[in-house]
Every structure is written in C-alpha cells, then in structure tokens.
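Down below is the structure, laid out as structure tokens.
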Amino acid sequence: MPWQETCPMDERMQFVADYLKEQWAVAQLCRQYGISRKTGYKWIDRYEAEGWPGIREHSRAPHTRPHLTPVAIQARLVQLRMQHPHWAPRKLLHRLATGEPGTAWPAPSTAGDILTRHGLVTTRHRRHRTPPTAEPLRPALQPNAVWATDFKGWFRTQDGTRIEPLTLSDLASRYLLRCQSLPHTTYAAVQPVFVAAFREFGLPAAIRSDNGPPFASVGLGGLSRLAVWWIRLGIRPERIQPGHPEQNGRHERLHRTLKQATARPPRRTSRLQQRAFEQFRQEYNHERPHEALAMQTPAHCYTPSLRSFPRRLPAMEYPGCYQVRQVRSNGEIKWQGRRLFLSEALIGEPVGLLEIENDLWRIEFGPVPLALYHTYTQQCVRL
C-alpha cells in the first residue's frame with residue numbers, strides 16, 4: 001500500500017524491517033507498499049549508510065550557496081544605505097561602483113533583498129494615481145526651458161515655529177535651485193527668493209506652478225502679482241490643471257524625497273531647519289545620482305541661463321495694431337467712455353486691446369489673453 005501521509009516515518013521503518021526479513025524481493029515489497037523501486041532502493045541505501053536516522057526526511061536546502069553575495073559586499077551596501085537612508089538600490093550601487101569599479105557588485109534586485117533583510121526598507125502602500133492630461137504642458141527638453149515651483153506644505157519645527165518651505169527646480173536637469181524656509185506665502189515673502197535665484201542662474205523661459213497663491217489668483221487670466229512680475233521679465237507662467245499634481249510630477253517627487261530627508265523629524269529651530277534644507281540641496285544636486293539622468297547628478301546636467309536678470313523691468317510693448325491702456329490704482333481701465341474692472345494684480349501695468357471682429361475686442365497682458373469685450377452689448381467675458 002502507499003505511504004500513509006499521516007505518518008510516513010512509520011511506513012518507511014516497516015518497509016525497511018520487512019526488507020531485513022529477507023522474505024520478499026525488493027520489487028515485491030515495493031508493489032506491496034505502492035512505491036517505485038527507485039524509492040524503495042533509496043530508503044534501503046540510506047538505512048545501510050546511516051542506520052535508522054537515515055530514513056528521516058533530509059533538508060532540501062543546498063549544502064553550498066556559490067552565488068551568495070559576500071558578507072563584506074553586503075556590509076558595504078548596508079553601511080552606505082545607513083549614510084543615505086533614502087537612496088534606492090540603484091543609486092547606492094552606482095556610488096559604490098564609481099568608487100570601486102573592479103568589484104563585482106550585486107544586481108539592484110539582490111541589493112534590495114539585502115537591505116530588506118537588514119530592516120532598511122520600509123514597505124509603503126501604492127496609491128492609484130490619476131493619468132496625465134491629454135494636453136501636455138510645454139516640454140522641458142533643455143535646462144531653463146521650464147522651472148517648477150511650489151510650497152512643500154507647512155509644518156512646525158520642534159520649538160513650535162511654523163515654516164512654509166518654497167522650492168524651485170529646473171525640470172530638465174532636476175537641479176534644485178532653491179529650497180527656502182519662509183514664514184508665510186505672500187508675494188512680499190516669495191519675491192526675494194526668486195530675485196536671488198534669477199541673479200544666480202538667470203531667467204527661464206517658463207515657470208510651472210499650481211493654482212494657489214501667490215502663483216495664481218481668481219482674477220482675469222489667473223494672474224497674481226508674482227505672475228505679472230514674471231511676465232514683465234519675459235517669463236511665461238504655466239499653471240497645471242486643478243487637482244492634477246501629476247502634471248508637475250517631477251517637482252512633486254522631489255518634495256517626497258525632501259520630506260523624507262529633512263522633515264522626519266523636523267529640526268529644533270527654523271534656522272537649523274534651513275541648514276538641513278541647504279545640506280539636502282547640496283547632496284541632491286552634486287552627490288545623489290538620478291536615474292532619469294542616466295545616473296548623472298543634476299549639477300552635471302544643469303547650465304545657467306544666458307538670459308540675465310535685468311536691473312530694471314523691461315517696458316511692456318504691444319504691436320501698433322493694439323490700443324494700450326494703463327490699469328488704474330483701483331484695477332480698472334477706461335475704454336470708450338466706460339470703466340472696466342480687470343484685476344488688482346495689474347495695477348500700474350499696460351494692457352493691450354485688439355479688435356478681432358466688429359465691436360469685439362480682446363484684452364491681453366503681454367502673451368496672456370484676459371477677456372473679450374463687446375462694445376455693443378458692453379459685456380466683458382473672461383477667457
């Protein structure tokens with residue numbers, strides 16, 4: 001009969017005991033127990049070699065592991081991970097291979113297993129993300145084509161001080177231009193940070209942001225004072241669609257890394273927190289390899305803009321076919337004997353009006369269309 005699964009050890013012992021009686025041939029015993037002759041001879045050979053302990057089930061684990069990563073290699077990987085707790089296996093291996101190119105380092109998947117065994121990997125739940133919009137924003141194909149800016153989200157330092165970290169990065173090279181701790185998010189607090197960045201790195205072609213203040217407003221064209229200032233400098237504001245942070249995904253991914261490295265836990269004072277931001281910016285730009293940059297650092301891929309920050313704002317110019325009006329101190333313009341309110345963000349700025357059809361005028365500020373005004377119905381429709 002076959003082995004009884006409930007107690008295979010007893011069946012094997014009985015099989016060997018019957019064999020030792022020498023009353024049956026091995027083939028007959030195997031038929032009686034319902035096993036193959038190969039299996040029967042295996043237990044007989046084990047008994048003759050090791051005695052009764054030999055018929056026990058042996059471990060199936062291999063006696064040797066020739067492909068096991070050497071302990072010294074594992075130690076180097078763990079040590080570097082502890083120095084950079086938020087670096088992924090590819091980045092760690094790239095740093096190790098750069099320093100010791102002749103060493104046989106493990107594959108990224110093996111390195112991940114090693115870090116997991118040492119308790120250096122925190123499992124996080126994946127979230128379902130909204131797919132990107134079908135209308136792509138301006139592509140960031142070269143440095144300074146598009147910069148991205150945002151607030152990481154306020155938090156308090158250990159002494160209770162509330163800070164608002166403002167970040168500014170170049171999307172093409174991932175270079176972190178600024179990471180500045182601010183007391184609030186007003187135009188007066190934010191503008192000096194951009195002035196310092198423009199003086200150091202020059203002017204980009206466009207700056208991408210979300211729809212919150214101080215980057216945007218609910219006024220015509222979504223313009224804020226900060227966006228108006230950008231336009232005067234020849235910078236095109238770009239705003240992602242509301243509720244679609246994935247349209248600024250590169251910058252959002254930077255925020256996650258920044259939070260892991262500098263805000264868990266927060267520093268004792270705002271000054272120490274800013275020092276942590278600067279240390280992170282130095283490492284992120286000059287030491288941390290980036291997979292999207294073929295494991296190069298952002299500093300290796302970034303070059304400052306050729307457009308320097310001007311001492312004075314350039315004059316806003318319109319073609320000769322435009323009618324130009326100055327926005328008054330109350331945000332209005334006077335047009336054909338009527339007062340039209342546009343936006344307080346445009347106070348003191350010139351706007352252009354272009355007749356596109358009979359009695360239909362388009363109001364613009366630089367490259368940004370603001371509204372359509374019909375002189376017959378005296379209606380102003382925002383764009």
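With respect to (1) farther than 29 Å from Ala276 by Cβ; (2) modelled with pLDDT of 90 or more; (3) of a type in the set (Asp, Glu), the lone exception for Glu135 is condition (2). Scanning segment 347-361 finds one or more residues that are among the hydrophobic types (A, V, I, L, M, F, W, C), surrounded by 14 or more Cβ atoms within 10 Å (Cβ to Cβ) and either assigned by TED's automatic domain parsing to the domain that holds Ile231 or under 17 Å from Val218 (Cα atoms) (or both). If only residues of segment 9-41 that are touching a residue at least 24 places away in the same chain (Cβ under 8 Å) and either of a type in the set (A, V, I, L, M, F, W, C) or not assigned by TED's automatic domain parsing to the domain that holds Gly51 (or both) are counted, the one that is farthest from Ile55 (Cα to Cα) is Ile35.
Taken over segment 334-354, the criterion of being under 45 Å from the mean Cα position of the chain (by Cα) and under 19 Å from Pro319 (Cα atoms) is satisfied by Glu349, Pro350, Val351, Gly352, Leu353, Leu354.
Could you tell me which residue of segment 262-279 is farthest from Ser308 (Cα to Cα), considering only residues that are free of Cβ contacts under 8 Å to residues at least 40 places away in the same chain and buried (at least 17 other Cβ atoms within 10 Å of the Cβ)?
Checking each candidate, the answer is Thr262.
For segment 364-372, state whether one or more residues are β-branched (Val, Ile, Thr), free of Cβ contacts under 8 Å to residues at least 40 places away in the same chain and part of a strand (DSSP E or B). Scanning segment 364-372 turns up no residue that is β-branched (Val, Ile, Thr), free of Cβ contacts under 8 Å to residues at least 40 places away in the same chain and part of a strand (DSSP E or B). Remark: pairs (first residue in segment 237-261, without any contact (Cβ under 8 Å) to a residue 40 or more places away in the chain; second residue in a helix (DSSP H, G or I); Cβ separation under 8 Å; 6+ apart in sequence or on different chains) = Arg239/Gly222; Pro245/Glu252.
Look through segment 235-255, keep the residues that are basic (Lys, Arg) and in a helix (DSSP H, G or I), and return whichever of them is surrounded by the most Cβ atoms within 10 Å (Cβ to Cβ). Break it down stepwise before answering.
We begin by selecting, within segment 235-255, every residue basic (Lys, Arg); these are 236, 239, 250, 253.
Cutting the leftovers down to in a helix (DSSP H, G or I) gives us 250, 253.
On the way: Arg250: 17, Arg253: 13.
Checking each candidate, the answer is Arg250.
With respect to being β-branched (Val, Ile, Thr), crowded, with 18+ Cβ neighbours inside 10 Å and within 26 Å of Glu344 (Cα to Cα), Val195 falls outside the description.
Looking at Thr167, Thr157, Thr185, can you tell me which residue is closer than 18 Å to Gln273 by Cβ and under 18 Å from the mean Cα position of the chain (by Cα)?
On the way: Thr157 fails: under 18 Å from the mean Cα position of the chain (by Cα); Thr185 fails: under 18 Å from the mean Cα position of the chain (by Cα).
Only one candidate qualifies: Thr167.
Going residue by residue through segment 290-305, is there one that turns out to be farther than 17 Å from Val228 by Cα, in contact with a Gly (Cβ under 7 Å, 6 or more places away or on another chain) and either of a type outside the set (Asp, Glu) or modelled with pLDDT under 90 (or both)?
Kept after step one, since they are farther than 17 Å from Val228 by Cα, are these residues of segment 290-305: 290-305.
Filter once more, keeping what is in contact with a Gly (Cβ under 7 Å, 6 or more places away or on another chain): 304-305.
Then keep just the ones that are either of a type outside the set (Asp, Glu) or modelled with pLDDT under 90 (or both); that gives 304-305.
Yes: segment 290-305 contains one or more residues that are farther than 17 Å from Val228 by Cα, in contact with a Gly (Cβ under 7 Å, 6 or more places away or on another chain) and either of a type outside the set (Asp, Glu) or modelled with pLDDT under 90 (or both).
When restricted to residues that are in a loop (DSSP other than H, G, I, E, B) and closer than 25 Å to Ala345 by Cα, segment 155-192 contains 4. Filtering segment 258-270 for residues that are out of contact with any strand residue (DSSP E or B) (no Cβ under 6 Å at 6 or more places or on another chain), farther than 19 Å from Cys179 by Cα and at pLDDT below 95 leaves an empty set.
This table checks each residue for (1) surrounded by 14 or more Cβ atoms within 10 Å (Cβ to Cβ); (2) under 24 Å from the mean Cα position of the chain (by Cα); (3) assigned to a helix (DSSP H, G or I).
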| residue | (1), (2), (3) |
| --- | --- |
| Val228 | yes, no, yes |
| Thr257 | yes, yes, yes |
| Arg281 | yes, yes, yes |
| Arg288 | yes, yes, no |
| Arg311 | no, no, no |
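The values are calculated or read from the model by the stated rules, or taken from the named source; none is laboratory data. Computed from a prediction, not measured in an experiment: that's the story for all the values here. Heads up, the Cβs are rebuilt from the backbone with ideal geometry, glycines too, and the neighbour counts pull from every protein chain shown.
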